[in-house]
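The values are calculated or read from the model by the stated rules, or taken from the named source; none is laboratory data. What you see is a predicted model; the values in this text were computed from it and never measured. Please note: Cβ atoms are built from the backbone with ideal geometry, for glycine as well, and neighbour counts cover all protein chains shown.
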Amino acid sequence: MTAAAPIVARQESRDLWFGGRGPVLLFAYSVLLSVVTYLAATNQILNFLEQRESVNLVVQIAVAVGVLLTLVVAADAISGERERGTLESLLLTPISRGSIVLGKVVAAMSLWGAAFLVSVPYVWVLGRGVAVVGKALLLSLVIGTLLALAMAAIGLLISALASSNKVSLAVSLFLMLALFAPTQLPAMPTSSVGDFLVRVNPVTAGMHYIQLVLLKGHTWTQDLTYLISPVVAVAGALVALAVAGPRIVRLKGGVGSE
Amino acid sequence: MPGVTLEARELSKWFGSRTAVESVSFTAHEGEVIGLLGPNGAGKTTTIRMLSTVLPPTAGDFEVAGVPSSRPADIRARIGVLPESSGYPGHQTGLEYLTYHARLFGCSRDDAKRTAVRLLGQVGLTERANTRIATYSRGMRQRLGIARALVNDPAVVFLDEPTLGLDPAGQKEILTLVRTIAEAHGTTIVLSTHTLPEVEQVCSAVLILDRGKVISAGTVADVTSADANRQSGRLRVPPGEVPRAKEVLAAVPGVTVTPDDRRDVVVLTATDGMNKALAAVLNAGIPVLSFEIEGTRLSDAFLALTRGGAS
């Protein structure tokens, strides 16, 4: 069913990286991380920010923005092709729609992979001397990959269903902001309702898990329940994509259209 | 008789309460070029999209090269399509683009590249093979699109408005290419276009759609003769000879000259056939530059059948 997925993935990744979009997004990402790292490092020097907190801050921003970029690329993947008139020629080939979807997910994930690699030196610079670099990078890789995969699948679903590329990008950005906004509320997990809200939202749950392991020194297995919602989000989005993909990856977007 | 490569049976498509295509049936044979004609909104693109399995029909079925419409992926493996307003990734080269599409049709990497190089040569783009598509002219993009439609050596090729937006030279190039493909490979071609004079030259049969229904089908001669008015004709003479020609024709029994302001054309009606009228003009020493029976051109038939294409 998905035998042609590697061919689609290779071409989509080439389009992303050689077409210029990938490098531009990654450059903007590295500029942002440079600024954040500089600010965190100078605060550290002035003793305003403890070194672990600096690492945690940069990891959280690296994951959040990396996942956002993955979502943006996925949200453009089908609706953008529709508007550029290139989707029809892809649908006219004998490959399954599942292959098309899978290839596009892989291409979108390549941006997260590159974003993670870019974040490595920043985390290393800030975490030197407190034996936290390895743990921070591993956390960033695991949680970031889970969230990026979920967002890539959700982005593709939105892109397939949206009536235009503008709608797809707007809905995806709103979703991302809605999911990330609670991470900025400082005292959320202190009440039982707050804790429930943190656990239900895959983004806040993932970020909170990073914080617990990095800052509070919890073991990896101690708070695994926080990873339930990210894992469920990944599984749910991928299953939805696999089931609905063949029907919603079509020439015209918009709910109910053919 | 060449084999049937395409057979549509009572194909219909509704979008909500709107009927886009209604009970379209036709067959096409190996090596045949069928012109799919109709005013804008007649259902040509929808018909092509159903036959190319991009849109599921609401009713009816079809077969392509013996493959029933219930196996869409197998049909897609046997057809080539140049969609209307097809887009191209500007940052890819023509060679990369065709190689990628050949790979999607199951070619190995080497075979795909060989196919791409061969097709680029066939459509006259060898010299631009390694140039980015963004730098191609519209005509070159259309030729690249036709090459893409041929990557799988298809039994049937659908070309939706391949000459749209091209200058006359570009249109001629594309139509010559269409004829070459049909003749050289025995490929059936379904050509949707508004360029009617060229359709007359290239197509062996036409199918005229209006408001989603087939209103005329058959060879170009069948379609035009059904509408031809053999009692009416247009005679072109040198501009200075028009008054004398009108005078001579008016004197022929059964001939009526229709008032017309054109400088070099006399429009006439002859109830006993045109021979006497023509003989009278020639006997009077008036040079005849051209003579045409009204309604024998495809465009006349098209306009008459579609009521001026005003639908």
Response to the item:
The correct count of residues that are surrounded by fewer than 23 Cβ atoms within 10 Å (Cβ to Cβ), more than 11 Å from chain A (Cβ to nearest Cβ) and outside any strand (DSSP E or B) in the range B:41-60 is 1
Worksheet item: Based on what the data block shows, is B:GLY145 modelled with pLDDT of 90 or more, assigned to a helix (DSSP H, G or I) and outside the structural domain of B:ALA8 (by TED's automatic domain parsing)?
Response: no
Worksheet item: For the range B:71-87, which residues satisfy the criterion of being at the interface with chain A (Cβ under 7 Å from one of its Cβ atoms) and either touching a residue at least 60 places away in the same chain (Cβ under 8 Å) or under 24 Å from B:ARG138 (Cβ atoms) (or both)?
Response: B:ALA77, B:VAL81, B:PRO83, B:SER85, B:SER86, B:GLY87
Practice prompt. Pull up the range B:88-101, narrow it to residues that are more than 10 Å from chain A (Cβ to nearest Cβ) and touching a residue at least 40 places away in the same chain (Cβ under 8 Å), then point me to the one that is surrounded by the fewest Cβ atoms within 10 Å (Cβ to Cβ).
Written response: B:THR93
Worksheet item: From A:THR183, A:THR204, A:THR225, which residue is at pLDDT below 85, within 29 Å of A:LEU137 (Cβ to Cβ), polar (S, T, N, Q) and in a helix (DSSP H, G or I)?
Response: A:THR183
Item to complete: Please enumerate the residues belonging to the range A:3-30 that are within 12 Å of chain B (Cβ to nearest Cβ) and either of a type in the set (Phe, Trp, Tyr) or touching a strand residue (DSSP E or B) at 6+ places or on another chain (Cβ under 6 Å) (or both).
Response: A:TRP17, A:PHE18
Discussion item. Among the residues in the range A:53-73, are any away from every other protein chain (no Cβ under 14 Å), at pLDDT below 95 and on the phi > 0 side of the Ramachandran plot?
Written reply: no
Worksheet item: Would the range B:87-94 turn up any residue that is under 29 Å from B:GLY3 (Cβ atoms) and aromatic (Phe, Trp, Tyr)?
Response: no
Worksheet item: Hey, B:SER232 hits all of (1) surrounded by fewer than 19 Cβ atoms within 10 Å (Cβ to Cβ); (2) out of contact with any Asp or Glu (no Cβ under 9 Å at 6 or more places or on another chain) but one; which does it fall short on?
Response: (2)
Worksheet, complete the sentence: Selection over the range A:85-132 where residues are over 21 Å from the mean Cα position of the chain (by Cα) and more than 30 Å from B:PRO72 (Cβ to Cβ) yields a count of 9
Worksheet item: Mind checking which residues of the range B:116-140 are assigned to a helix (DSSP H, G or I) and within 14 Å of chain A (Cβ to nearest Cβ)?
Response: B:ALA116, B:ILE133, B:ALA134, B:ARG138
Practice prompt. Quick one: which helices (runs of 4 or more DSSP H) lie wholly within the range A:62-178 and hold at least 1 residues that are surrounded by fewer than 19 Cβ atoms within 10 Å (Cβ to Cβ)?
Written response: A:79-84, A:97-127, A:133-161
